[in-house]
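> Following this message is one structure expressed as structure tokens.
The values are calculated or read from the model by the stated rules, or taken from the named source; none is laboratory data. Keep in mind that this is a model prediction, so the values were computed, not measured. A quick note on method: Cβ atoms are made from the backbone with ideal geometry, for glycine too, and the neighbour counts reach across all protein chains shown.
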Amino acid sequence: MPADPSTGDVLEVRHLTVEYDGVTAVDDVSLRVARGEVLALLGPSGSGKSTLLHAVAGFLAPTSGEIWLQGRRVASAERAEPPERRDVAVVFQSYALWPHLNAVDTVAYPIRRRGSGRRTARAEALDILDRLRIAHLADRRPAELSGGEQQRVGLARALARHASLYLFDEPTAHLDTHVRGVFLDELVVRREASGAGGLYATHDAEEALGLADRVALLSSGRLVQLGTPQQVYAEPVDLWAARLTGPASVLTAKVVGAHDGGASVDLGGSVVEVDSTGETPVGDGLPLLVRPGWARLGGELRGRLLAVRFRGPHSDYVVDTAVGDLLIREPGPPRYATGADVTWTLSRTWALGAAAPTETKRSLTELPT
Amino acid sequence: MPSRSAGLGRRSGVLAVGVVIALLVVFPVIRLGYVVWTEGSGHLDEVFSEPALAEAVANTLLLAVAVTVVAVPLGAAVALGLRRTDVPGRRWWRFSMLLPVLVPQFVLGYSWTQAYARAGFTDTVFGLPWPSVLGPWGVWAVLVVNTVPLTYLLTAVGLATRAEPDLERAARASGAGAVAVLRDVTLPLLRPSIAAASVLSFVLTLESFAIPQVMGTPAGFSTVTTTIYRDLSLGSDPLSFVEAITLALLLVAITVIVVVPTDLWLGPRLRVNRVADSAGAPVVNPRGAGGRWIAAGLGAYLLVGVVVPLVALVTTAVTPAVGVSPTPANWTLDNFSAVINSRTADALGRSALLALIAATLLTVLGGCLAVLERGRAGRAMASLVTITLVLPGSTLAVALLIAYGRWIGGTLTLILLAYLAKLWAFAHRPISGALDRLPPGELQAARASGAGSLTAVRTVALRPLAPALVAAWLVCFVTALHEVTMSSLLYGPGSETLAVVVLNSAELGRVGLTAALSVLLTLVMLVPALPAWLLIRWLRSPRRAGDAAPVGRLSHAG
């Protein structure tokens with residue numbers, strides 16, 4: 001039992017390593033989820049985010065390391081509590097709805113397991129279904145539900161658990177943005193009401209950045225970076241992390257001067273003053289990360305349009321410049337045609353490798369010189 | 001027009017298959033009914049008033065129920081134990097659980113009598129005989145041992161295809177303990193598989209012959225199949241012939257009454273489109289949750305069911321006579337040299353030839369049916385063939401005898417026809433299953449690239465299907481080699497199979513010789529089985545290596 005339920009971490013993972021079938025799926029990962037916080041696990045498939053989630057849920061036992069829930073140790077290399085004795089709820093990737101139970105009985109199941117009577121459990125289940133706007137589907141079995149409806153039933157079942165930690169195993173991977181918005185809103189309400197935390201595995205960067213309070217980037221079972229969405233987007237620890245968290249261009253340029261919060265960069269003849277967080281090293285041939293919004297068309301620098309793509313609310317321009325190919329995103333329909341000579345300027349960069357040189361070595365070798 | 005000629009090819013294929021089914025199964029069974037109607041008129045009252053017949057029917061039904069009630073829960077428990085926990089040496093257990101069906105039924109039954117009966121192995125070594133091993137209890141026990149692998153397999157397949165691990169994890173994460181998950185999720189999901197296993201167990205017990213014959217008959221315990229055998233091979237009066245054919249018809253009637261309603265209920269519930277996760281794994285990591293106890297249980301089952309009886313059988317085979325203590329000093333190969341004579345050699349040759357031809361023809365027939373099944377007319381044919389799976393061997397043999405006996409009675413050809421009719425479904429099922437597991441995209445891609453249905457199968461599917469084809473061949477070969485129910489009814493002078501020779505030897509009470517022959521019959525199976533098994537492994541290996549390669553490369557790079 002937690003000493004003070006209003007403070008402290010819902011989840012703490014200490015040096016967790018999980019091996020199975022001879023593969024180290026999670027490798028010495030440590031992280032925390034605070035009360036009221038959603039932590040996203042972002043990584044490509046095979047990065048270990050599902051394994052980490054399964055270890056926290058209790059489906060897998062740690063090879064080494066510890067898992068603490070609500071200040072109580074639930075798993076170590078010696079002893080792992082079964083999932084039903086951990087205060088967690090899981091939303092599964094493949095919905096995992098029981099084919100022989102209808103929606104209301106499915107959602108009532110965790111309530112029944114807490115010891116409530118059938119009638120009470122059903123009433124509460126109906127209430128949850130209603131909040132997800134699918135109360136009219138209460139009598140249907142999974143086979144009679146659409147994918148989106150199944151997803152909501154799966155979510156309702158997790159909510160019915162009244163857990164202090166909600167685990168999401170890539171649940172919204174195949175849902176349209178509207179439905180996603182509807183139940184993420186519902187979740188936010190839920191989370192603030194019960195003071196619970198969330199651990200959300202996904203390979204969709206946009207979703208992770210938009211939903212989570214903090215994001216953990218995973219690669220080959222190891223934690224690559226942990227920070228707020230703004231941090232991991234603006235200050236990725238290496239090129240791999242940059243590519244994972246969103247569209248990015250890398251310019252190879254000469255930094256002629258750096259000061260706190262900015263740098264002077266030589267971009268093929270003209271020197272431009274740009275914003276730059278962290279400590280930007282001075283030197284030639286440095287890889288500079290540029291997000292699509294950090295550069296704009298019009299200005300003192302010259303380039304040629306390699307490609308133009310209309311994206312609805314905005315347009316993407318790929319510009320061939322003296323320091324490398326650059327992706328610029330501007331609102332509205334395309335203003336220039338492919339092949340046109342354009343001018344551009346840069347407002348911000350992030351020196352790749354500035355933050356954590358030891359971790360970026362591997363990726364730097366992949367950069368074009 | 002290529003499409004029309006393809007359609008024509010398919011239609012003539014369906015027609016050809018239909019004719020073969022009609023000749024092998026439909027006509028003989030109809031003929032059986034007709035003969036019972038004509039020959040039996042006037043005698044039927046006499047036949048039915050005979051208490052022995054009523055007793056045989058009652059024994060058979062009781063036995064079928066008693067075996068099913070025990071074998072199905074045991075099989076399900078084994079499946080759950082092997083697929084949902086981390087029993088040490090799971091791979092090995094999965095293989096060894098199939099041992100009881102690799103031993104010919106007759107040999108299994110006979111070795112039990114050698115192991116546990118009075119003056120048997122446990123009696124002479126430990127002074128612990130089990131006298132009622134001869135009689136209903138023994139028959140029941142051996143049938144259970146023989147049926148459990150099947151019910152285990154069916155439940156395990158159900159677990160792999162229907163009970164997705166996430167469904168059970170979801171229940172655990174909802175607060176359900178291991179027992180509640182079993183009760184609320186796993187067993188309800190397995191209900192269709194368990195029902196199918198029950199029906200199959202019931203039907204297979206109904207039609208079992210070798211085990212009741214070798215363990216029941218000496219104790220005066222008769223079943224429908226042993227009564228048919230007695231009537232046809234020993235009885236000479238017309239009344240016993242009428243009794244035999246009536247019982248044969250009765251047996252198939254009981255089967256139909258049991259199978260048809262359950263099949264109607266099960267049919268739509270057993271259909272799955274998902275690719276089976278055949279590996280199976282613990283759903284929740286069960287840190288030391290009784291894995292060793294499960295292993296001990298499985299070990300005890302195999303020890304009592306198979307290992308001790310087979311050891312007893314071998315001991316009997318190398319002991320010169322009953323009563324001689326089975327110690328190494330007395331061991332001799334006399335029994336083997338006595339049974340390896342020209343009669344045995346001829347029988348062995350006939351068995352091998354029959355099994356070879358039958359298995360090869362059956363693989364072709366099963367493959368044809370699996371391909372044609374994808375059309376509507378072919379599907380009806382496939383259902384018909386699947387029904388023959390539960391057509392009792394005794395009935396089939398009697399029906400074939402009545403239909404064709406006057407021309408080819410007592411010849412190997414008639415026995416071959418019986419094998420083809422009985423085992424067609426055995427060959428069809430694995431091939432059809434493998435065809436189902438092919439990603440539909442692969443065949444569709446071939447069709448979209450301009451291949452007809454048969455060409456698509458030949459060019460795209462044959463390589464991945466090869467293991468299933470070899471497996472189907474192997475199953476048919478081994479089953480045909482061990483077959484005794486139909487062979488014992490259909491053989492004539494000069495067409496005894498090895499299994500029939502063993503059966504006759506047992507009936508003559510030649511203990512040591514029968515044991516030696518039984519060992520021989522069991523070992524003969526290994527001659528084709530080992531190369532075929534290696535072939536299946538080899539056929540599967542390139543694929544496995546291809547799948548593993550990228551992982552290997554990654555781990556080297558990292």
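> How many of the residues in the stretch A:138-154 are away from every other protein chain (no Cβ under 12 Å) and surrounded by 24 or more Cβ atoms within 10 Å (Cβ to Cβ)?
Residues flagged as away from every other protein chain (no Cβ under 12 Å) and surrounded by 24 or more Cβ atoms within 10 Å (Cβ to Cβ) within the stretch A:138-154 amount to 2.
> Sticking with this structure for a sec: How many of the residues in the stretch A:240-296 are in a loop (DSSP other than H, G, I, E, B) and in contact with a strand residue (DSSP E or B) (Cβ under 9 Å, 6 or more places away or on another chain)?
Matching residues across the stretch A:240-296 total 13.
> Would you please list the contacts, defined by Cβ atoms under 9 Å and residues six or more apart or on different chains, that run from a residue in the stretch B:172-190 that is more than 8 Å from chain A (Cβ to nearest Cβ) to a residue that is modelled with pLDDT of 90 or more and not in a helix (DSSP H, G or I)?
Once the first residue is more than 8 Å from chain A (Cβ to nearest Cβ) and sits in the stretch B:172-190, its partners that are modelled with pLDDT of 90 or more and not in a helix (DSSP H, G or I) give B:Arg183/B:Ala176.
> Let me ask something additional. Output the residue which, of all residues in the stretch A:55-81 that are more than 24 Å from the chain's Cα centre (by Cα) and touching a residue at least 60 places away in the same chain (Cβ under 8 Å), is surrounded by the fewest Cβ atoms within 10 Å (Cβ to Cβ).
Per the stated criteria, the residue is A:Arg72.
> (1) without any contact (Cβ under 8 Å) to a residue 60 or more places away in the chain; (2) within 14 Å of chain A (Cβ to nearest Cβ); (3) under 30 Å from B:Val214 (Cα atoms): which one isn't true of B:Ile194, the others all being true?
The failed condition is (1).
> In the stretch A:124-135, how many are more than 30 Å from the chain's Cα centre (by Cα) and under 15 Å from A:Gln151 (Cα atoms)?
Looking only at that region, the number is 1.
> When the stretch B:101-129 is examined, which residues are found to be modelled with pLDDT under 90 and in a helix (DSSP H, G or I)?
Within the stretch B:101-129, B:Val101, B:Leu102, B:Phe121, B:Thr122, B:Asp123, B:Thr124, B:Val125, B:Phe126 meet the criteria.
> Limited to the stretch A:93-125, what total is found for residues that are within 11 Å of chain B (Cβ to nearest Cβ) and of a type in the set (D, E, K, R)?
Residues that pass the stated criteria total 4.
> Need at least 3 residues that are in contact with a helix residue (DSSP H, G or I) (Cβ under 7 Å, 6 or more places away or on another chain) and within 23 Å of B:Thr225 (Cβ to Cβ) per element, so show me which helices (runs of 4 or more DSSP H) inside the stretch B:417-488 make the cut, counting only ones lying wholly within it.
Once the helices (runs of 4 or more DSSP H) in the stretch B:417-488 are filtered for at least 3 residues that are in contact with a helix residue (DSSP H, G or I) (Cβ under 7 Å, 6 or more places away or on another chain) and within 23 Å of B:Thr225 (Cβ to Cβ), what remains is B:462-482.
> Is there a residue in the stretch B:145-156 that is buried (at least 22 other Cβ atoms within 10 Å of the Cβ), in contact with a Phe, Trp or Tyr (Cβ under 9 Å, 6 or more places away or on another chain) and away from chain A (no Cβ under 12 Å)?
Looking for residues that are buried (at least 22 other Cβ atoms within 10 Å of the Cβ), in contact with a Phe, Trp or Tyr (Cβ under 9 Å, 6 or more places away or on another chain) and away from chain A (no Cβ under 12 Å), one finds at least one in the stretch B:145-156, hence yes.
> Which of the residues belonging to the stretch A:107-123 are crowded, with 17+ Cβ neighbours inside 10 Å and either of a type outside the set (Gly, Ala, Ser) or under 31 Å from the mean Cα position of the chain (by Cα) (or both)?
A:Val107, A:Ala108, A:Tyr109, A:Pro110, A:Ile111, A:Arg112, A:Arg113, A:Arg122
> Looking only at the stretch A:146-161, which residues are outside any helix (DSSP H, G or I) and more than 22 Å from A:Arg118 (Cβ to Cβ)?
A:Ser146
> Report whether or not A:Val10 is assigned to a strand (DSSP E or B), more than 19 Å from A:Gln225 (Cβ to Cβ) and within 14 Å of chain B (Cβ to nearest Cβ).
When the stated conditions are applied, A:Val10 does not pass them.
> Another question, if that's okay. Take the residues in the stretch B:169-194 that are part of a helix (DSSP H, G or I) and polar (S, T, N, Q), then tell me which one is farthest from B:Leu266 (Cα to Cα).
Looking at the filtered set, the residue picked out is B:Thr186.
> Of the conditions (1) assigned to a helix (DSSP H, G or I); (2) within 25 Å of the chain's Cα centre (by Cα); (3) of a type in the set (Val, Ile, Thr), A:Val104 fails just one. Which one is it?
(2)
> Can you name the strands (runs of 3 or more DSSP E) wholly within the stretch A:22-85 that have at least 1 residues being more than 10 Å from every other protein chain (Cβ to nearest Cβ) and among the aromatic types (Phe, Trp, Tyr)?
A:64-69
> To continue, here is another question. Scan the stretch B:159-170 and tell me whether some residue there is out of contact with any helix residue (DSSP H, G or I) (no Cβ under 9 Å at 6 or more places or on another chain), of a type outside the set (Asp, Glu) and either within 7 Å of another protein chain (Cβ to nearest Cβ) or surrounded by 23 or more Cβ atoms within 10 Å (Cβ to Cβ) (or both).
No: zero hits.
> Residue under question is A:Ile134, and the condition is that it be away from every other protein chain (no Cβ under 14 Å), surrounded by 14 or more Cβ atoms within 10 Å (Cβ to Cβ) and β-branched (Val, Ile, Thr); does it hold?
Spelling it out, A:Ile134 is indeed away from every other protein chain (no Cβ under 14 Å), surrounded by 14 or more Cβ atoms within 10 Å (Cβ to Cβ) and β-branched (Val, Ile, Thr).
> Can you name the residue in the stretch A:204-231 that is β-branched (Val, Ile, Thr) and touching a residue at least 24 places away in the same chain (Cβ under 8 Å) and, of all such residues, is surrounded by the most Cβ atoms within 10 Å (Cβ to Cβ)?
Per the stated criteria, the residue is A:Val215.
> Among the residues of the stretch B:341-374, what is the count of those that are at pLDDT below 85, out of contact with any Gly (no Cβ under 9 Å at 6 or more places or on another chain) and not acidic (Asp, Glu)?
1
> Filter the stretch B:472-522 down to the residues that are of a type in the set (S, T, N, Q) and either over 14 Å from the mean Cα position of the chain (by Cα) or surrounded by fewer than 22 Cβ atoms within 10 Å (Cβ to Cβ) (or both) and list them by number.
If the condition is that a residue be of a type in the set (S, T, N, Q) and either over 14 Å from the mean Cα position of the chain (by Cα) or surrounded by fewer than 22 Cβ atoms within 10 Å (Cβ to Cβ) (or both), then B:Thr479, B:Ser487, B:Ser488, B:Ser495, B:Thr497, B:Asn504, B:Ser505, B:Thr514, B:Ser518, B:Thr522 are the ones that fit.
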